[in-house]
1. Where does the charge balance sit around A:Asp280 when Lys and Arg score +1, Asp and Glu -1, over other residues with C-beta under 14 Å from its C-beta?
2. Taking every pair of Cα atoms in the protein assembly as shown, average 1/r, invert it to obtain the Kirkwood radius, and report Rg/Rh to two decimals.
3. DSSP loop chymotrypsin sites (Phe, Trp or Tyr not before Pro) in the range B:110-181 with at most 10 other Cβ atoms within 10 Å of their Cβ, which ones?
4. How many angstrom lie between the Cα centre of the range B:116-181 and the Cα centre of the range A:233-261?
5. Which of the aspartates and glutamates could a cross-linker bridge to B:Lys110, judged by Cα under 15 Å and excluding same-chain residues fewer than eight apart?
6. Which length gain, in nm to one decimal place, applies between B:Lys182 and B:Tyr271 when the Cα-Cα distance is subtracted from 0.36 nm times their residue separation?
7. At R0 = 25 Å, how high is the FRET efficiency between B:Val250 and A:Leu139 if r is their beta carbon distance? Nearest 0.05 is fine.
8. Each label point is 7 Å from the Cα along the Cα-to-Cβ direction; what then is the distance between the points at B:Lys120 and B:Ala143, in nm?
Amino acid sequence: MAASESSRYLARSLPRAFVPTARPQGFCLRRNVSDQASSKAAPADLNELESASSLTSTTLSEATAKSFDPIARTKARKKQLPRSRYQFRSPKYDRGPLHPHQPPPPSDPSSRLYVPGPFSLPRVEQTYQSTVASDILTLCYVHNPPGFKPPPKAPRLRSWDDSSPYHKNRPLRGPRGGDVLRLLRKPINFNNVPQLERITIHSYVKQAAQENSSWLHVAGMAVQAISNARVETFKSKTSVATWSIAPGRDTVAVKAELRGEDMLHFFGKLVDVVMPRIKDWEGVKGSSGDSSGNITFGLEPENVALFPEIEVNYDMYPPKMIPGCHITIHTSAKTDKDARLLLSAMGIPFYGKMVD
Amino acid sequence: MSSGSNGARRIASVLRPSIADPKVCRSCQETLVRRNYSSAAAQPSSESTSTATTTFPVVKPVYTINAGVALSRPPQITRDLSQFEKAYYFYQKRLNERLALPFTKYFYFKRGTPADEDWKRKIRERQTAARDIGKYNAYSKDAWNDELLVGAVEAEPEHQVEMLVQDAEATVNATSQDTSKKEEIPRPFPRVTEADQKNDQRSLNRALQRTLYLLVQTKEGYWRLPSSPVEQDETLRLAAERTLAQTAGVNMNTWMVGFHPVGHHVYNFRYPRVDKANGTEHLGEKTFFMKARIMAGQADLAANTQNLQDFKWLTKEEIAPYVLPQYYSNIKNMLAER
């Protein structure tokens with residue numbers, strides 16, 4: 001004990017250079033990133049990597065490339081190659097995690113759930129990334145000076161005042177003036193700039209209940225044509241005698257939900273092809289929206305016919321059967337004001353009194 | 001936010017007690033006072049006494065505050081795809097062709113019409129309904145052969161556009177009554193413009209895929225974004241608008257994005273300049289850049305009041321060699337990557 005103590009004091013009193021260290025002081029093998037930035041040449045193991053990508057490298061001679069014909073090679077083969085993983089078929093039913101035959105993940109092309117894509121980089125997405133997002137970020141910036149403390153807010157759910165013994169263990173009261181809890185709007189940052197999430201195209205076909213189902217078939221074809229997505233059909237939930245619908249009896253509506261690439265292409269067509277050609281159209285009403293960042297507007301049947309996919313074979317749709325539709329644009333904005341800022345930046349006009 | 005309430009705000013700040021924090025600017029102090037009145041109400045007695053006791057003049061070093069404008073033209077067209085993106089999208093298209101249900105021809109072409117005949121001829125040629133994936137039959141025995149060989153052009157967007165246009169031309173010519181003249185469908189405009197080829201950096205019609213920024217050259221030969229000192233009782237945004245009118249003229253339809261600056265640049269003089277009249281020490285310049293977009297028009301230096309020589313519309317990378325390194329490192333993060 002005493003010996004170790006004294007040696008510690010000794011080591012502290014000696015100059016740094018004489019103190020024995022655990023590490024050998026000789027040749028240092030440790031490498032740092034900063035050491036090899038530019039002063040030394042790249043190490044030998046990195047030289048083995050190809051600098052060019054395999055897509056552009058043209059080390060192959062012209063003649064070899066020209067003569068390569070996979071179909072001819074296959075034909076010339078005398079014996080069939082053994083079957084490969086290419087023949088794998090995903091099981092039709094998922095029999096649980098303990099079954100030996102497991103389906104591949106949905107991202108695997110051999111899976112039954114696989115959906116190919118994306119097929120392009122949509123223009124709307126590029127415009128959003130390069131122009132719209134940064135502008136919204138600048139527009140929504142709120143400067144809080146140093147020393148700023150946000151004023152205390154009342155709790156969203158109020159507590160009971162315990163004036164009655166029956167208040168014990170009750171759930172909290174809803175907000176004053178109504179029992180709807182609105183979404184919390186956080187300050188807009190670089191990582192929560194509002195963007196498009198999905199678009200819903202919904203079409204209620206009145207004649208589907210009153211006349212025959214052909215109206216619904218045509219509406220489904222039209223919505224599928226303009227949206228590039230499968231439609232769902234819906235039955236009526238209410239009973240309205242004048243529309244001759246009863247709950248659960250009549251299939252009256254079709255709906256398509258668009259996400260990702262489909263949504264962006266649809267939005268581009270809507271804004272740049274269809275909307276400028278609508279006659280006497282002022283824009284989307286400023287009071288539209290569900291006050292949590294989703295904006296809805298309607299298109300008349302003659303406006304739906306302006307979509308290029310319907311125009312190209314307009315004659316194949318029975319006259320007067322092309323449906324009108326409601327288009328809901330779901331954004332990640334938390335208030336209608338932010339959603340309207342995003343949509344007007346992306347080209348949708350709004351008119352009238354803006355209701356936030 | 002609007003500049004109209006500025007006078008009213010100042011009157012209100014005089015009436016209200018202020019928090020004298022030297023790090024917080026005038027308008028921010030007003031914000032602090034306005035927002036948490038509860039905390040401000042407790043403070044003023046001590047603060048006002050402390051400010052009243054300092055009778056001798058305190059000389060603070062002074063910076064000139066400049067308002068700068070980062071006037072930009074956003075990208076006009078989509079960007080070029082990388083080699084990998086082209087190959088990936090093309091692969092996905094052929095894969096989709098193999099997995100999707102076949103094209104419902106009867107819905108698009110009535111039997112016996114010229115359009116139907118035209119369709120039959122085309123499908124015999126390219127064996128698929130898609131017009132941009134080359135000759136590929138997804139339902140044949142050789143459908144496995146879906147990869148492109150070296151030097152194939154099918155994945156290039158220019159080739160795909162050309163195929164689409166030729167297809168439309170063939171349809172128009174095959175279905176029209178008048179067989180004597182050939183219809184020409186206009187090609188899309190080239191993605192590289194004349195200004196790009198001439199490298200005319202004053203033109204707004206160049207580098208359509210990129211964001212362009214307006215740079216001006218001072219009398220001394222330095223390149224910088226347009227800027228000028230903020231005058232008395234002027235907000236940053238008003239100063240930026242005035243700067244733009246004084247430097248690049250009024251022949252531009254511009255839009256100032258918001259009321260807050262997006263970047264700033266501090267320039268310190270090598271030796272502080274002392275003003276003889278009131279003994280203040282002048283240390284340098286601080287420039288705050290407002291973001292602006294040009295909608296129409298073109299910069300014009302004919303009527304500028306800052307003795308500017310020249311202007312250029314440059315992308316982010318092109319700005320670097322023109323401006324001083326310190327200046328570029330200060331502004332580069334507010335410039336758009338694309």
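Since every read-out is calculated from the coordinates, none of them should be taken as a lab result. Only a predicted model underlies this, so the values are computations on that prediction, with no experimental measurement involved. Virtual Cβ from ideal backbone geometry, glycine too; neighbours counted across all protein chains shown.
1. Values: positive: A:Arg277, A:Lys279; negative: A:Glu282, A:Glu300, A:Glu302.
For residues surrounding A:Asp280, the net value is -1.
2. Working: Rg = 34.4 Å, Rh = 33.0 Å.
My calculation puts Rg/Rh at 1.04.
3. On the way: sites: B:Trp119, B:Tyr136, B:Tyr139, B:Trp144; in loops: B:Tyr136, B:Tyr139.
Within the range B:110-181, the qualifying chymotrypsin sites (Phe, Trp or Tyr not before Pro) (loop, at most 10 other Cβ atoms within 10 Å) are B:Tyr139.
4. What the calculation gives is 40 Å, centre to centre.
5. A:Asp315, B:Asp118
6. This chain segment gains 24.5 nm when fully extended.
7. Working: r = 24 Å, r/R0 = 0.97.
Working from the Cβ atoms, E equals 0.55.
8. 2.4 nm
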